[in-house]
Amino acid sequence: MKHGSSVFAIDAGNTSIKVALFVNGQLETVRRFDVAASADLGEWLDAQAHEAIVLSSVLTAEKTEELFGARMPVFQISLASKLPLSVHYSSPSLGMDRLCNAAYVHAHIQTQHAVSIDIGTCIKFDLVHRENGYLGGSISPGIDLRFRALHTDTGNLPLLSNKTPLALVGNSTETSMRSGVMNGIAAEIQGMIDRYTGEYPDLTFFVTGGNAGIFEFHSKNNIFADENLTLKGLFEIYKHNA
């Protein structure tokens, strides 16, 4: 595969598609498109000049083909791709976003272990070892999934979308739900950070995801935020194959 000077890296998530332009190995611009408005993405891509497209998709094969099939050749990464790190995962269904995060972390790891924390549709923790590569992690529901479950699996609770952090005690149904979801997620994330820190003392965290900016962390000494971490990891995999 030719290592082109102008490369589009596309991260197709469950609700949005992020497109990054890398020029001579450097991230130049990032655009975001709603999955529901895929025609806008197609029109925009067709108007751009580029030498290569590398794709990470957690969408179904049918949806991925619908969005990108007419724009081949597209290098779509998978577990069968040549990867810059070893992968120790027993399931073939490892999400490509998790793999991209791990690839970026592995390329920039300074400590013995590192963890990517992706706070988006789901909340994903993924552990990387400097020599042994990707070791695994965890997945739990994100904000919107929790709001939706409270609404659809009960008879009277409303469907919420307000993600503003809230005080501990809610004084209405809505604020009680928001407190439970938002404070519950914050406690979950901090608790997982504390557990990882206790088990792996030589450790760094990398935080990304569309909802990452909502939450504060008790300690920031070993926590680095990068909203484009997944896209940069996708480009790391592309370089390894170029």
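The values are calculated or read from the model by the stated rules, or taken from the named source; none is laboratory data. Because the structure is a prediction, the values reported are computed rather than measured. No Cβ is skipped: glycine too gets one built from the backbone with ideal geometry, and neighbour counts run over all protein chains shown.
The table that follows gives values for the structure above.
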quantity	calculated
Filtered residue count, region 196-242, keeping only those that are part of a helix (DSSP H, G or I) and of a type in the set (Val, Ile, Thr)	4
Options Leu234, Leu135; residue that is in contact with a His (Cβ under 8 Å, 6 or more places away or on another chain), under 30 Å from Leu85 (Cα atoms) and in contact (Cβ under 8 Å) with a residue 12 or more places away in the chain	Leu135
Filter result for Gly155 (part of a loop (DSSP other than H, G, I, E, B), more than 20 Å from the chain's Cα centre (by Cα) and of a type in the set (Gly, Ala, Ser))	yes
Options Glu174, Glu131: the member that is modelled with pLDDT of 95 or more and assigned to a loop (DSSP other than H, G, I, E, B)	Glu131
Filter result for Ala61 (closer than 18 Å to Cys100 by Cα and either buried (at least 17 other Cβ atoms within 10 Å of the Cβ) or modelled with pLDDT of 80 or more (or both))	no
Only one of Ala114, Ala107 that is in contact with a strand residue (DSSP E or B) (Cβ under 7 Å, 6 or more places away or on another chain), crowded, with 17+ Cβ neighbours inside 10 Å, farther than 16 Å from Asp11 by Cα and among the small types (Gly, Ala, Ser)	Ala114
Region 65-82 - residue that is outside any loop (DSSP other than H, G, I, E, B) and not aromatic (Phe, Trp, Tyr) and, of those, modelled with the lowest pLDDT	Arg71
Test: residue in region 178-199 that is within 23 Å of Asp34 (Cβ to Cβ), of a type in the set (Phe, Trp, Tyr) and touching a residue at least 24 places away in the same chain (Cβ under 8 Å)	no
Qualifying position, being at pLDDT 90 or above and surrounded by 14 or more Cβ atoms within 10 Å (Cβ to Cβ), among Val30, Val35	Val30
When residues of region 29-64 are limited to those that are in a loop (DSSP other than H, G, I, E, B) and not aliphatic (A, V, I, L, M), the one farthest from Ile17 (Cα to Cα)	Glu51
Sole exception among (1) hydroxyl-bearing (Ser, Thr, Tyr); (2) more than 15 Å from the chain's Cα centre (by Cα); (3) within 30 Å of Phe75 (Cβ to Cβ) for Ser138, by number	(2)
Total residues in region 197-242, condition polar (S, T, N, Q) and over 17 Å from Cys100 (Cβ atoms)	6
